[in-house]
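Below is one structure, written out as structure tokens; comments come after it.
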Amino acid sequence: AESHISIHTFPEKGYFSIDIFSCKEFDIPAALEIIKSFFGTEDLEVQTTSRGTEFPRDIGMAGAITASQRKRLY
């Protein structure tokens, strides 16, 4: 529910940035190959980090926590 991909483009500088946030493990090398192929580049700077490692893996519990946190924001 919270996974997403953001693409930021800067055509005037010939630059783009892609953020991939995933709630589940995924094949990073395969994702990089897709990005390189789609954008026609071999020149990538890659940074990875593990986020939400304390977040529960049970979808019901995760949903309840997310809903509770959203209520606190509003």
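The values are calculated or read from the model by the stated rules, or taken from the named source; none is laboratory data. Given the structure is predicted, the values throughout are model-derived calculations rather than measurements. Quick reminder, even Gly has a Cβ in these numbers, built from the backbone with ideal geometry, and neighbours come from all protein chains shown. Keep in mind that these areas ignore ligands, DNA and RNA; they rest on the heavy atoms of the full protein, side chains included. Shrake-Rupley method; radii C 1.70, N 1.55, O 1.52, S 1.80 Å.
Accessible surface for the range 4-72, divided over its residues, is 88 Å² per residue with a 1.4 Å probe. The charge dipole of the chain, taken about its Cα centre with unit charges on the Cβ atoms of Lys, Arg (+1), Asp and Glu (-1) only, comes to about 520 debye. Distances between placed amide hydrogens fall under 5 Å for C23 paired with S3, all partners being 5 or more residues away or on another chain. Protein heavy-atom surface of the chain, 1.4 angstrom probe: 55% of the accessible area is carbon and sulfur, with nucleic acids and ligands not counted. Using θ = phi - 60° in the Karplus curve 6.51 cos²θ - 1.76 cosθ + 1.60, the 3J(HN,Hα) couplings for the range 16-30 round to 9, 9, 10, 10, 10, 10, 10, 7, 10, 4, 8, 7, 4, x, 5 Hz; x is entered for Gly and Pro.
Net length available on complete extension from T41 to I65 is 4.7 nm, with 0.36 nm assigned per residue and the Cα-Cα distance removed. In the chain, a dipole from Cβ-located charges (positive for Lys and Arg, negative for Asp and Glu) runs towards its positive end, and of L44, S3, I28 it is S3 whose Cα lies farthest in that direction.
Counting only residues at least eight positions apart within a chain, or on another chain, the lysines with an alpha carbon under 30 Å from that of K13 are K36.
Could you tell me whether the chain comes out rounded, prolate or oblate from its Cα gyration tensor? Rule is a ≥ b ≥ c as square roots of the eigenvalues, rounded for a/c under 1.5, then prolate if a/b exceeds b/c, otherwise oblate. Intermediate values should be presented prior to the final figure.
On the way: a/c = 3.36, a/b = 1.96, b/c = 1.72.
Prolate.
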